[in-house]
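Report on the following structure.
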Amino acid sequence: MGEEGAQRGAATSQVNSTGDDQKKLDVLSDEIFVSVLSEPPLLARIGRATGPAPTRWPGSPRTQLPLSSRPRARRARRALPRPPQALINSGACAVLVSEERDEAIIVPEEKAGRFCVAFDPLDGSSNIDCNVSTGTIFAVYEKKTPGKLGSVADVLRVGSDIVAAGYCMYGAATEMVLCFKGATGVERFTLDPSLGEFCRTHSGVTFPAGGGKKIYSCNEGNSPYWDKPIQDAVADFKVKKYAARYVGSMVSDVHRTILYGGIFLYPADTKSPKGKLRVLYEGFPMALLVEAAGGKASTGMFNGSVQRMLDLVPTTIHERCPVILGSPRDVDLVLSRYN
Ligand code: AFP
C-alpha cells in the first residue's frame, strides 16, 4: 500500500454505526461498494439466476463480475457519485444496509429495484495497518414489501430468506466466494488484475470430507468470559490435538475454515452477551455460504436457546449475534456440550 495506503489505513477518529473504530479505508470501501451497486450488471445476473431453486452460478467459467477490481476502484474514487444519486440511477436496489452507515438507504420509489443488500464493505479493518488480509461480506435479499418502495422490513427477516451471499478476500490474491440459496457448494473466483475481471476457479466447493484439518479458530483471550459449554468444547479440541489459527478477519478465518476444515467461533460472553459479529452482514451471509458448503452455522446458546444461525430474525439492522460455524464434525462437538 505504501505511504498512501498507510494513510488510508489511518483511523478517521470516528466510530461506525456499531461502535467500532472507523478507518479511512472503511469509509472509502463503503463509498465504492455503494457506487458499484449503482451499476446493475451484478444484480441483474443474480436476478436472472434467482428462479425458484437457484443452485448454480450462471455463465461461462470465465464469468465477468463488476466488483472492485483496482482500476474500477480508482475510477470510482475519482468520480464517485454521491450514494443516493448512484442508487437513484441503479434501478436494481430497493434497500442498502452498510456497516458504515447508521441508517439503511431506502431507494426512492421511482428508481427502486428488486433487491436489498446488506454489506460490511471492509471487514477486519483493524488489520489494515499491519497488512493482514481483510474482506468484504454481503447478503442479498429480494424485496418483499408491497409497492415499489422498500423498507428496513425487507432486511429484518429470517436469515433463510437470503437469496445470495458472498465475500471478497483481499489477501495474497483477491478472491470472491459466492453462493445462492439452495446451492450445493460455493463458487470461487479470483481477480485477474491484467483483465480486471474475476475468473471462476472452483465450482461447487464443499468442506473437506470428514471435517478436514483439525483447526479451531477463536479469540481465546475472551475464554474467561465464555459459557462453560464453549470453554469445555475448546478444551476438547486441545485434548484432540487441534491446531489454533486466528487471523481476526472473519473473511480470512471463514475462508480457511471452508477450504481446510475445522471450526470458527465468536461466541457470546459475559462482556458481550450478544457476541461481537453483526447478524445482517457477517453472521447471515457466512452462515448461508457455510451451509451451502455442507457445514453448519449456529449461535450456540443465545437468548435462552441454541439456534441455527439462519433461523434468527433480527429486529435492528446493526444487531449482533454469536457465531459458531464450520464442519459438522466440529460444530456438533460444540453443540453436544449444551446437551
Ligand atoms: P474489525 O473490522 O473492527 O477489524 O473487526 C473484525 C471483526 O468484525 C471480524 O472480522 C473478526 O472475526 C472479529 O471482528 C475479530 O474480533 P476480535 O478482535 O475481538 O477478535
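The values are calculated or read from the model by the stated rules, or taken from the named source; none is laboratory data. Predicted model, so just to flag it, every value in this text is computed and none were measured. Cβ: placed from backbone, ideal geometry, glycine included. Neighbour counts: every protein chain shown. Heavy atoms of the whole protein, side chains included, go into the accessibility calculation; ligands, DNA and RNA do not. Shrake-Rupley method; radii C 1.70, N 1.55, O 1.52, S 1.80 Å.
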Task: Thr315 paired with Lys274, simple spin-label distance in nm, labels 7 Å along Cα-to-beta-carbon - done: 1.0 nm
- [ ] Using a 10 Å cut-off on Cβ atoms, rank the peptides 125-132, 180-187 from the highest mean neighbour count down.
- [x] 180-187, 125-132
Open item on the list: How much accessible area per residue does region 200-267 have, counting only protein heavy atoms and a probe of 1.4 Å, in square angstrom?
Closed with: 43 Å²
- [ ] Evaluate the distance, in nm, between pseudo-label points positioned 7 Å from the Cα of Val15 and of Asp129 along their respective Cα→Cβ axes.
- [x] 1.7 nm
Task: Radius 12 Å from Cβ of Lys241, net charge of other residues (Lys, Arg +1; Asp, Glu -1) - done: +3
Task: Solvent-accessible area, 1.4 Å probe, carbon plus sulfur percent, for region 217-339 - done: 52 percent
Task: Length-normalised contact order of region 254-339 in % [C-alpha pairs under 8 Å, at least 6 apart] - done: 39 percent
Task: Distance violations [Cα-Cα > 19 Å] among Lys271/Lys296; Lys213/Lys240; Lys228/Lys274 - done: Lys271/Lys296
Open item on the list: Can you give me the accessible area per residue for region 295-339, using a 1.4 Å probe, in Å²?
Closed with: 39 Å²
- [ ] Note down the net charge around Met286, summing +1 for each Lys or Arg and -1 for each Asp or Glu among other residues with Cβ under 11 Å from its Cβ.
- [x] -4
Task: Gyration tensor over alpha-carbon atoms, region 229-339, equivalent ellipsoid semi-axes in Å - done: 20, 16, 13
TODO: Please give the contour-minus-distance gain from Lys241 to Asp227: 0.36 nm per residue of separation, less the Cα-Cα distance, rounded to one decimal in nm.
DONE: 2.9 nm
